[in-house]
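Data block below; observations after.
The values are calculated or read from the model by the stated rules, or taken from the named source; none is laboratory data. None of these values were measured; they are calculated from a predicted model. Heads up, the Cβs are rebuilt from the backbone with ideal geometry, glycines too, and the neighbour counts pull from every protein chain shown. SASA here: full protein model, heavy atoms, side chains in, ligands and nucleic acids out. Shrake-Rupley method; radii C 1.70, N 1.55, O 1.52, S 1.80 Å.
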Amino acid sequence: GEIATVVIRRCTLVPHECPIVVHSPTVRLVIEQSIIGDIRAIDDETRQAPNVVSIADSIAGGHGREDAIGTPDAPSAFIDLSVARSTFFGRVRVHGVALIENAIFVQPLSVRRREAGCVRFSYLAPQSRTPAGFACVSEPAPVFMSREFSAPGYARLAFESPAAIAAGAESRGEM
């Protein structure tokens, strides 16, 4: 039979070596407390519903490539995305979003279906195209201790990060 849900929890997939490829039209991908590379979708928009991808407490791809989440075959991946407390290096190009909160998108987040969903308490790179937002910022940009995967301060916000990022989460802590 087909796999319904794939869960990646507390894992490190070397960002520039291990992309995740979503090929099944019915799989739900859940990523929690992990460092991952790019997510690539092999699209088939002839089906009725997009893949569902949920990411929480994680750092996601785009390391040396254009997309953290996307597809080589279309303007956006046929994915409905939910995000909580995560950072994305690289563009994110998806069909739709349910809820994105307390997240950092270093490069633009582009959502094709913007009539539904919500983005809140997040940093969105300039030129992002999203559904309705609440308490989001697009300037000034976050400052990281390092963007190199092998460095000790990888993806950690630097002390000199702007206050809007350092205290911009719903809890008034870091995004």
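So that you can scan it fast, the table gives a plain yes or no per residue for (1) closer than 22 Å to residue 59 by Cβ; (2) touching a residue at least 24 places away in the same chain (Cβ under 8 Å); (3) of a type in the set (D, E, K, R); (4) out of contact with any Cys (no Cβ under 6 Å at 6 or more places or on another chain):
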residue	(1), (2), (3), (4)
102	yes, yes, no, yes
116	no, no, no, yes
121	yes, yes, no, yes
125	yes, no, no, yes
130	yes, yes, no, yes
137	yes, yes, no, yes
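Every residue in the stretch 131-154 that is aromatic (Phe, Trp, Tyr) and open to solvent by 70 Å² or more (accessible area, probe 1.4 Å), please.
Just the residues of the stretch 131-154 that are aromatic (Phe, Trp, Tyr), to begin with: 134, 144, 149, 154.
Scanning the stretch 131-154 gives a single hit, 134.
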Provide a single number: the residues in the stretch 156-171 that are open to solvent by less than 20 Å² (accessible area, probe 1.4 Å) and either more than 12 Å from residue 144 (Cβ to Cβ) or in a loop (DSSP other than H, G, I, E, B) (or both). 4
Residue check for residue 85: without any contact (Cβ under 8 Å) to a residue 24 or more places away in the chain and of a type in the set (D, E, K, R): no
